[in-house]
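Below: the structure, in structure tokens.
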Number of protein chains: 2
Amino acid sequence: MTSGKSVALIGLDWGTTSLRAHLLDSAGGVLERRSSAEGILAEHKDGFAGTFRRFVADWLDAFPGIPVIASGMITSRNGWVETPYVPVPGGIGELAASLVPVDVTSACRLHFVCGMDQDAAAEAPDIMRGEETQIVGCLAEDGRRDGLFVMPGTHSKWVSVRDARLDRFDTYMTGEVYAVLKTHSILGRLMEEPGGALTGGFERGVKARLDSGASLLRHIFSARTLALYDRLKPEQGADYLSGLLIGEEILSAKRDYGLDDAAAPPVTIVGSGALTERYSLALGLAGIGAVPAPEDAAALGQFAIAREAGLITA
Amino acid sequence: MTSGKSVALIGLDWGTTSLRAHLLDSAGGVLERRSSAEGILAEHKDGFAGTFRRFVADWLDAFPGIPVIASGMITSRNGWVETPYVPVPGGIGELAASLVPVDVTSACRLHFVCGMDQDAAAEAPDIMRGEETQIVGCLAEDGRRDGLFVMPGTHSKWVSVRDARLDRFDTYMTGEVYAVLKTHSILGRLMEEPGGALTGGFERGVKARLDSGASLLRHIFSARTLALYDRLKPEQGADYLSGLLIGEEILSAKRDYGLDDAAAPPVTIVGSGALTERYSLALGLAGIGAVPAPEDAAALGQFAIAREAGLITA
């Protein structure tokens, strides 16, 4: 905290299973970061407000009146405040204009970023909470106004940006379907828990799915039949299933977004760690270029929205 | 057991969660039937042989030397004897020629019907154990040589018959995917256990899926978003998800088997109970005619195979 720039904002990225906080300077630089497993599903014995005050107590003490902004599932029905959705198409302007303020103490006002929704009145509405802020962060970082983003996860998202606004998005339950099938269905019976490294089962599963026109409800059964025939090793079974499902997601996005075009710009992968590697590999197998998003996309987005809303006074 | 015809065969339909036995006369008529929950997953403290002897002890005593035939998951890796598969295309001739005999006692020989497989060397092999016998039973009952059959269940099957032989089949994990998503995924959180009667959620789900070109990994998320918007009642959520999944299965089969053709003959539904009603309704919504299979299809098929194999001596 010895930056020449002044301390300007606390950003909370508060999801289902984790809580991350960033202390940002007046240029959007990260001065300090911390994280914990105190996502909204954890026990909050003094409520969300209690967890918040304890988690960043030293920052609140050191910088009285510092603005605080929060995004993620903390604004959902099971979170602190259930905020409405901003419809797509929309971007930083709409998000900054719809911040939901809550006074935690007389000296501390917290601003919640609304999630976004799509096709609210149609038969298949879609929603996000938190990803919109990460996308704004990606755009703020390199100034670009168009692009396609994939955000791997339990419920992975594909987000299309036009003219610097989120134009369309799609949620795929890829990660959760993988987890419940592996843990609770017959497909898991012949699988061994894989070690740390990705096995060849993943690439095989992606390729099989990219080459198949069969319904997914049918194709996944091959994760069992191949194992019964001793044609899929037990330690590769989970990766094979993961490959089938991520392959399905990419196959669908490829069709929806016209990614067969060789001139299509690369997709930006927002995330980190092993899952991002899987998507990068699978996109490559599908002939789709991929580039990584900036680190701290959530913090970058929170800063950009806070500045747009006039909260950054430094 | 006062039939004019002689007692000719015991047929065992031994699946994962149930055991059914039929005592048949020399014309294939059912003299007696019994069933229990002693499927292969149940505890068999005297082994499968012990369960078998106890379950039909009175029949074995009353008709010494009576032939016994068994089909179903009892021939799988976790069953009594793991039999090989008969490849498609194949029918009653191949099944009768490949019965696997096991002597339970010196006076009792049990004949296991092999399951069938398809594309064993390809990337998506398919397998069945038990359904082949039911199909043979359906054909035996009305003498027909061609048709398309749907067999609803945990792993539902579609079976195409040509020239009285099983020509092609497809397994869909529809029932199991429904169960694991409802019980273990976030989709179940906003659902209430439905009462006995089918709710309007089912028809709505089928129609939504038939009208959608979206990947199933994406479409199922609407079972959550519609509920969050209070546009899907909690007691209709499970039926809606069931409708989406059965709709997907029918959409896929419709494409694979050219059922868009108005001249396509009706599909035969093999099964009974609530699940059969769902498929009948869903097929109707997709513009596909449906007729019920004969009752006791498994017993009819066991009798036909036993007779073809020369086991019926009466």
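The values are calculated or read from the model by the stated rules, or taken from the named source; none is laboratory data. What you see is a predicted model, and the numbers here were worked out from it, not measured in a lab. As a convention, Cβ positions derive from the backbone with ideal geometry for all residues, glycine included, and neighbour counts pool all protein chains shown. Note: accessible area is taken over every heavy atom of the protein model, side chains too, but ligands, DNA and RNA are not part of it. Shrake-Rupley method; radii C 1.70, N 1.55, O 1.52, S 1.80 Å.
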Being surrounded by fewer than 19 Cβ atoms within 10 Å (Cβ to Cβ) and closer than 23 Å to B:CYS138 by Cα narrows B:SER18, B:SER36 down to just B:SER18
Given the conditions (1) facing chain B (nearest Cβ under 9 Å); (2) β-branched (Val, Ile, Thr); (3) under 17 Å from the mean Cα position of the chain (by Cα), every one holds for A:VAL161 apart from (1)
Checked against (1) within 14 Å of chain B (Cβ to nearest Cβ); (2) open to solvent by 40 Å² or more (accessible area, probe 1.4 Å), A:GLY143 satisfies every condition except (1)
Review point. Any residue in segment B:98-116 that is surrounded by fewer than 21 Cβ atoms within 10 Å (Cβ to Cβ) and of a type in the set (Lys, Arg)?
Key: yes
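Among the residues of segment A:229-259, which ones are in a helix (DSSP H, G or I), farther than 15 Å from A:LEU181 by Cβ and more than 7 Å from chain B (Cβ to nearest Cβ)? Give the steps one after another, and end with the answer.
So in segment A:229-259, the residues in a helix (DSSP H, G or I) come out as A:234-256.
Right, trim to farther than 15 Å from A:LEU181 by Cβ and you get A:234-236, A:250-256.
A:PRO234, A:GLU235, A:GLN236, A:ILE250, A:LEU251, A:ALA253, A:LYS254, A:ARG255, A:ASP256 - these are the residues of segment A:229-259 that are in a helix (DSSP H, G or I), farther than 15 Å from A:LEU181 by Cβ and more than 7 Å from chain B (Cβ to nearest Cβ).
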Out of curiosity, is B:VAL177 of a type outside the set (Phe, Trp, Tyr), within 24 Å of the chain's Cα centre (by Cα) and facing another protein chain (nearest Cβ under 7 Å)? yes
Of the listed residues (B:ILE305, B:ILE312), the one being closer than 26 Å to B:CYS114 by Cβ and surrounded by fewer than 22 Cβ atoms within 10 Å (Cβ to Cβ) is B:ILE312
Check your understanding: Is one or more of the residues making up segment B:257-274 under 30 Å from A:GLN118 (Cβ atoms) and open to solvent by 10 Å² or more (accessible area, probe 1.4 Å)?
Key -> no
Going through segment B:193-208 in order, the residues found to be surrounded by 12 or more Cβ atoms within 10 Å (Cβ to Cβ) and not in a helix (DSSP H, G or I) are B:PRO194, B:LEU198, B:THR199
Cβ pairs under 6 Å, 6+ apart or interchain, first in segment A:6-27 and among the basic types (Lys, Arg), second modelled with pLDDT of 95 or more, ordered by first then second residue, are A:ARG20/A:ASP13; A:ARG20/A:SER35
Residue pairs within 7 Å by beta carbon, gap of at least six or interchain, first lying in segment B:264-283 and more than 12 Å from B:LYS157 (Cα to Cα), second part of a helix (DSSP H, G or I) and open to solvent by 40 Å² or more (accessible area, probe 1.4 Å), listed first then second, are B:LEU281/B:GLU203
Expected output for segment B:200-217 (first residue of a type in the set (Val, Ile, Thr), partner at pLDDT 95 or above, Cβ below 6 Å, 6+ apart or cross-chain) is B:VAL206/B:GLY243; B:VAL206/B:GLY247; B:VAL206/B:ALA282; B:VAL206/B:LEU285
All-but-one check, B:LEU283 against (1) open to solvent by 20 Å² or more (accessible area, probe 1.4 Å); (2) away from every other protein chain (no Cβ under 14 Å); (3) part of a helix (DSSP H, G or I), failing number (1)
Query raised in the report: Are any of the residues in segment B:54-66 part of a helix (DSSP H, G or I) and touching a helix residue (DSSP H, G or I) at 6+ places or on another chain (Cβ under 9 Å)?
Result: yes
_Please verify whether A:LYS182 is in a helix (DSSP H, G or I) and either within 11 Å of chain B (Cβ to nearest Cβ) or of a type in the set (Ser, Thr, Tyr) (or both), treating the condition exactly as stated._
yes
Being in contact with a strand residue (DSSP E or B) (Cβ under 6 Å, 6 or more places away or on another chain), among the charged types (D, E, K, R) and within 14 Å of chain A (Cβ to nearest Cβ) narrows B:ARG209, B:ARG168, B:ARG189, B:ARG204 down to just B:ARG168
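From B:ARG204, B:ARG218, grab the single residue that is farther than 22 Å from A:LEU241 by Cβ, modelled with pLDDT of 95 or more and in contact with a helix residue (DSSP H, G or I) (Cβ under 8 Å, 6 or more places away or on another chain). Talk me through it step by step, then tell me what you get.
Details: B:ARG218 fails: farther than 22 Å from A:LEU241 by Cβ.
It is B:ARG204.
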Apart from one, (1) within 13 Å of chain A (Cβ to nearest Cβ); (2) more than 26 Å from B:GLY289 (Cα to Cα) all hold for B:VAL100; the odd one out is (1)
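Given the residues B:ILE127, B:ILE135, B:ILE186, which is the only one that is surrounded by 16 or more Cβ atoms within 10 Å (Cβ to Cβ) and either farther than 22 Å from B:THR17 by Cα or in contact with a Cys (Cβ under 6 Å, 6 or more places away or on another chain) (or both)? Before you say what the answer is, go through the steps one by one.
Values: B:ILE127 fails: either farther than 22 Å from B:THR17 by Cα or in contact with a Cys (Cβ under 6 Å, 6 or more places away or on another chain) (or both); B:ILE135 fails: either farther than 22 Å from B:THR17 by Cα or in contact with a Cys (Cβ under 6 Å, 6 or more places away or on another chain) (or both).
After ruling out the rest, the residue left standing is B:ILE186.
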